[in-house]
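Worksheet for the structure shown next.
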Amino acid sequence: MTNNKKILLAYRPVGMPDQSHFNTIETNVPELIDGEVLIKSLYISVDPYMRGRMSDTKSYAKPYEVGKPFIGGIVGQVIESKNPKYKVNSFVEGRMEWAEYNVSNGSNIRKIDPEIAPITTALHVLGMPGLTAYFGLLYIGQPKEGETVVVSGASGAVGTIVGQIAKLKGCRVVGIAGAEEKCSFLTNELGFDAAINYKTTPDLYNELAKACPNGVDVYFDNVGGTVTDEVMKLINFQSRTVICGQISQYNLENPEMGPSILGQLLKTSSLVKGFIVSDYADHNKEGLTMLAKWVREGKIQYRENVIEGFENTVDAFLGLFRGENIGKQLVKISEPTIKD
């Protein structure tokens, strides 16, 4: 029998979670039955939305159950198979337990081809974050050449892709991030036209106004809170605001109540729309095809922040809320098996 470590939700947090809210156990991997595969975890994705699932509140996804494993994006390698669709040594991505090994009947995984791009990209630019950026910006934001696009949380896995797609569409792109290193990355490496450090600027509205002399046509919001309050003061006629995340509010016991924006939306005939990536699942093939093309052509760059060791998964997750990552936060669990 193969030993298998799993990370469970110990109890629900109020405010910022810490290590005590997680519990690691060791179990045995069960014997496979027909149709199943055994997957060795290679990389685990940690994502801000997971914080919402730690709370017992109604949302677009069921809360994690106390005493049960966390579920998230994992890239793994099939090491045993009783399913003809998945060969031993092949690579897969899917929503699985935070564990060293997972058993799947094939319904929650997809094959990934390491010849197209590194396998880790299936967890960001060629996976859920990339599709989130693609659908949110193009289907809701609908940027037009010459327009100004503002992205909050711009140095994260989604924000970095949003900004680059907006540049491909001929837009002026302004990113908002929380460190000088992140701002430099956005402008010097990804081609953003401007980047603002919201943590150090004494007047965020004034800095935004200077960076957006023609106002804001599209706002891609990953942050919420006071950052969004200031951006909304600059929206143009028929602007589009895409609500993708509210990371500034996830760990607050009492979420902030910012200025009322309904009057501003009325005066500017503007749209605000929230979404989740699965809303556009029927278009995943289109999104992945275009994202892969842009990556292959060097038109979209990406960065990975990789922490090694299954035992460091929880700290990598908590680091998201400390603003430690640039680009996609991943945890490397093991090395792939070399194919024969």
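The values are calculated or read from the model by the stated rules, or taken from the named source; none is laboratory data. Keep in mind that this is a model prediction, so the values were computed, not measured. Please note: Cβ atoms are built from the backbone with ideal geometry, for glycine as well, and neighbour counts cover all protein chains shown.
Determine whether residue 314 is in a helix (DSSP H, G or I) and touching a residue at least 24 places away in the same chain (Cβ under 8 Å).
The answer is yes for residue 314.
In a residue-by-residue description of segment 52-59, the property of being under 29 Å from residue 279 (Cα atoms), in the same structural domain as residue 117 (by TED's automatic domain parsing), among the hydrophobic types (A, V, I, L, M, F, W, C) and loosely packed, with under 15 Cβ neighbours inside 10 Å applies to no position. Within segment 243-278, the residues that satisfy the criterion of being modelled with pLDDT of 90 or more and either assigned by TED's automatic domain parsing to the domain that holds residue 13 or within 28 Å of residue 13 (Cα to Cα) (or both) are 243, 244, 274, 275, 276, 277, 278. Checked against the criterion of being polar (S, T, N, Q) and buried (at least 22 other Cβ atoms within 10 Å of the Cβ), the candidates 188, 197, 222 yield just one match: 222. Against the list (1) on the phi > 0 side of the Ramachandran plot; (2) modelled with pLDDT of 95 or more, the condition residue 20 fails is (1). Being modelled with pLDDT under 95, in a loop (DSSP other than H, G, I, E, B) and of a type in the set (A, V, I, L, M) is a property that residue 223 has.
Checked against the criterion of being acidic (Asp, Glu), in contact (Cβ under 8 Å) with a residue 12 or more places away in the chain and not in a strand (DSSP E or B), the candidates 93, 31, 65 yield just one match: 65. In segment 105-113, is there at least one residue being of a type outside the set (D, E, K, R), free of Cβ contacts under 8 Å to residues at least 40 places away in the same chain and in a loop (DSSP other than H, G, I, E, B)? Taking every residue of segment 105-113 in turn, at least one turns out to be of a type outside the set (D, E, K, R), free of Cβ contacts under 8 Å to residues at least 40 places away in the same chain and in a loop (DSSP other than H, G, I, E, B). Candidates are the residues of segment 112-133 that are touching a Phe, Trp or Tyr at 6+ places or on another chain (Cβ under 7 Å) and not hydroxyl-bearing (Ser, Thr, Tyr); the one that is surrounded by the most Cβ atoms within 10 Å (Cβ to Cβ) is 125. Hey, can you tell me all the residues within segment 289-311 that are in contact with a Leu (Cβ under 6 Å, 6 or more places away or on another chain) and part of a strand (DSSP E or B)? Across segment 289-311, the qualifying residues are 304, 306. Just checking, does segment 230-241 include any residue being at pLDDT below 95, touching a Ser or Thr at 6+ places or on another chain (Cβ under 6 Å) and not in a loop (DSSP other than H, G, I, E, B)? No, the conditions are met nowhere in segment 230-241.
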